[in-house]
Amino acid sequence: EKLNNTPGIKCRVLGKNLAKAYLLQFCKYGVFNTDPHPGNLAVDSATPGGRLIMYDFGQVSYLTESQCDGILQTIQAIVDLDAKACVKAFVKLGAVKEGADLAILEAKIADNFRTGKVKSKRSKRKADNEEQEASGPPKDSEVMKSFVLPSRLAFVARAITQMRGVG
């Protein structure tokens, strides 16, 4: 709110820059600040449009190369509404238990795309409007048995949640 009234500061630009900074941290560098709250962020108003400044890297987490690639692949799969690619990305992230039934995961993700539970404004294609199988989509409880949340991904979720609040 305060930044909206500050001459030369463009809040949308700052928000986009914060998102880009975290995408680079998650997908390219594999190291990120797990605590992006307003006390750890500042804006340099002397720079045209405002420059984002990050403080306090006392709470940092690291991602493996596979996890970095998996995050990028997950984003792309959601943009494309591609359930099969989404499952592959989740496996790459280490978020799927060994021996999990990948067909059940794919069916649930496809159903989430089809019903709009997961949306993509920038999708290159529309979600398939195929008829549901007679048995319907897998139950959430059946699907959740297949997932595991590595601690590093929990830190990613935390950072994204906090960034959303900052935005």
Carbon + sulfur, % of accessible area of the chain - ligands and nucleic acids excluded, 1.4 Å:
55
Between GLN59 and ARG164, what is the label-to-label distance in nm when each label sits 7 Å out along the Cα-to-Cβ direction?
1.7
Of 58-71, 39-52, ordering from highest average Cβ density within 10 Å down gives 58-71, 39-52
With a Förster distance of 22 angstrom and the Cβ-Cβ distance between VAL118 and ASP69, calculated FRET efficiency to the nearest 0.05 equals 0.60
Straight-line reach from LYS117: which lysines fall under 28 Å, measuring Cα to Cα and dropping same-chain residues less than 8 apart?
LYS16, LYS20, LYS84, LYS88, LYS92, LYS97, LYS108, LYS126, LYS139, LYS145
Compute the acute angle (0 to 90°) between the alpha-carbon long axis of helix 11-24 and the principal axis of greatest extent of the alpha-carbon atoms of the chain; round to the nearest 10°.
60
Leaving out ligands and nucleic acids, and using a 1.4 Å probe, what accessible area per residue does the chain come to in Å²?
65
Which value, in nm² and rounded to one decimal, describes the direction-averaged projected area of the C-alpha convex hull of the chain?
11.4
What fraction of the DSSP beta bridges in the chain is antiparallel, stated in percent and rounded to the nearest 5?
90
Distant-in-sequence amide H partners of VAL60 (H built 1.01 Å from N, under 5 Å)
THR34
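The values are calculated or read from the model by the stated rules, or taken from the named source; none is laboratory data. In this text the structure is predicted, and so the values were computed from the model without any measurement. Note that each Cβ is placed from the backbone with ideal geometry, even for glycine, and that neighbours are counted across all protein chains shown. Side chains included, ligands, DNA and RNA excluded: accessible areas come from the protein's heavy atoms. Shrake-Rupley method; radii C 1.70, N 1.55, O 1.52, S 1.80 Å.
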